[in-house]
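Inspection log for the structure reproduced underneath, given as structure tokens.
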Amino acid sequence: MRTFLAILRIGIFLLLSALAFVGWKAFSIWSADTKPVPTESAWSKVDVMVGEDVTLQAQFRLPYHQTPTDVIPSRIPEALVIHKPSLQWTRGKLGVDGFRDWKIQFDAVLLSDASIAGQSIAFPLTSWGKGKGNSGKVTVSLPGLTSAYAEEMPDQPALATAALKVDSPAPELAEMVEIETRWPWWIIAVFASLGIVSPLIHWLIRRLRRPSPPWETAQVELDRLGSANDDLPTLYTRLADILKTYTGSRFGCSAQASCPHEFRRLLDQVEHGSLTDEVRSRLHELLCETDAVRFAHQSASRENFAAALAPVREFVKATTPTSSSRNEPA
């Protein structure tokens with residue numbers, strides 16, 4: 001039972017430590033408003049003609065509490081126009097470090113042969129628990145393109161003519177998108193886990209810590225004493241303590257500090273069918289023998305101690321209540 005209790009405590013400690021670490025990690029990322037981490041970006045082709053469509057694919061990592069939106073980018077190079085219906089976000093798995101991988105893909109049209117290498121496109125982000133509106137942005141760095149004018153412009157450009165109209169670039173997103181404030185998932189997960197685990201842990205600890213009845217405790221201690229290798233005075237002292245402690249707990253009397261004669265008077269006051277005059281006398285003689293070995297240095301052997309141990313075992317066994325009488329008053 002003690003081994004199981006120790007294992008249970010270690011398991012509970014590890015579980016609570018893991019929950020605390022996850023909560024601390026998530027809170028530190030959320031409270032610091034950690035910025036996105038761009039990873040890579042590439043065009044579907046590097047040689048294009050002005051007016052020809054080209055596809056950009058980019059990857060980046062966002063903290064768990066930030067989510068990209070599908071609104072128009074907040075910053076676009078003047079030489080480029082994005083076909084908004086082609087904008088696609090791909091949501092990846094959440095890593096143990098609190099970051100999620102995202103992919104973005106969209107079609108664009110080059111409006112001039114001006115170089116776009118080193119320029120970027122910024123997309124607004126929304127964030128949980130950071131108030132209303134957008135909070136932050138992710139910037140996609142644009143790789144260079146080799147562009148040139150075609151000898152003859154096509155009758156039908158790659159995208160609709162309306163898509164080639166360029167709006168004035170805005171340094172920041174002018175329109176604030178109002179979103180519903182939500183609790184981060186980790187807060188909900190931690191509270192849900194604690195709400196489920198805490199009552200179970202409390203119930204198990206109370207059940208395991210429930211004191212054993214005195215007869216079970218006495219039987220265990222007598223078994224240990226029977227296999228102990230201490231010196232005889234110590235063994236007799238422990239035997240007397242077990243007898244007095246059990247008698248006090250079983251019959252509700254103060255027997256621990258009693259001398260042999262006082263212990264006999266306590267037994268005489270106890271009304272129990274198994275406590276005959278013969279049993280009372282044997283226990284009284286046992287305590288007298290114990291005091292003689294402890295204080296008068298009376299010689300004794302292991303056989304004498306084994307003989308002294310037997311009546312205490314019989315006394316505990318005889319006074320152990322049956323299943324039908326354990327609720328009866330002593």
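Against the criterion of being open to solvent by less than 40 Å² (accessible area, probe 1.4 Å) and closer than 17 Å to D241 by Cβ, L309 qualifies.
Filter the range 245-257 for residues that are modelled with pLDDT under 85 and open to solvent by less than 20 Å² (accessible area, probe 1.4 Å) and give the result. Within the range 245-257, A255 is the sole residue that qualifies. When the range 202-219 is filtered for residues that are in a helix (DSSP H, G or I) and either exposed (fewer than 11 other Cβ atoms within 10 Å of the Cβ) or at pLDDT below 75 (or both), the ones remaining, listed by number, are H202, W203, L204, I205, R206, R207, L208, R209. Checking each residue in the range 237-274 for being more than 17 Å from R294 (Cβ to Cβ) and either in contact with an Asp or Glu (Cβ under 6 Å, 6 or more places away or on another chain) or aromatic (F, W, Y) (or both) picks out Y246, F251. Only one of the numbered conditions (1) aliphatic (A, V, I, L, M); (2) within 25 Å of P213 (Cα to Cα); (3) at pLDDT 85 or above is violated by L275, and that is (3). Looking only at the range 7-60, filter to residues that are hydroxyl-bearing (S, T, Y), surrounded by 14 or more Cβ atoms within 10 Å (Cβ to Cβ) and not in a loop (DSSP other than H, G, I, E, B); which one of those is modelled with the lowest pLDDT? Only one residue tops the list, namely S41. Residues in the range 73-104 that are open to solvent by less than 80 Å² (accessible area, probe 1.4 Å), part of a loop (DSSP other than H, G, I, E, B) and within 20 Å of M49 (Cα to Cα): 3 in all. For the range 274-306, a residue qualifies if it is of a type in the set (K, R) and either in contact (Cβ under 8 Å) with a residue 40 or more places away in the chain or open to solvent by less than 40 Å² (accessible area, probe 1.4 Å) (or both), and the qualifying residues are R280, R294, R302.
Residue count for the range 231-244, restricted to those that are surrounded by fewer than 18 Cβ atoms within 10 Å (Cβ to Cβ) and in contact with a Leu (Cβ under 8 Å, 6 or more places away or on another chain): 1.
The values are calculated or read from the model by the stated rules, or taken from the named source; none is laboratory data. Everything quoted here is computed from the prediction, not taken from an experiment. Heads up, the Cβs are rebuilt from the backbone with ideal geometry, glycines too, and the neighbour counts pull from every protein chain shown. Note: accessible area is taken over every heavy atom of the protein model, side chains too, but ligands, DNA and RNA are not part of it. Shrake-Rupley method; radii C 1.70, N 1.55, O 1.52, S 1.80 Å.
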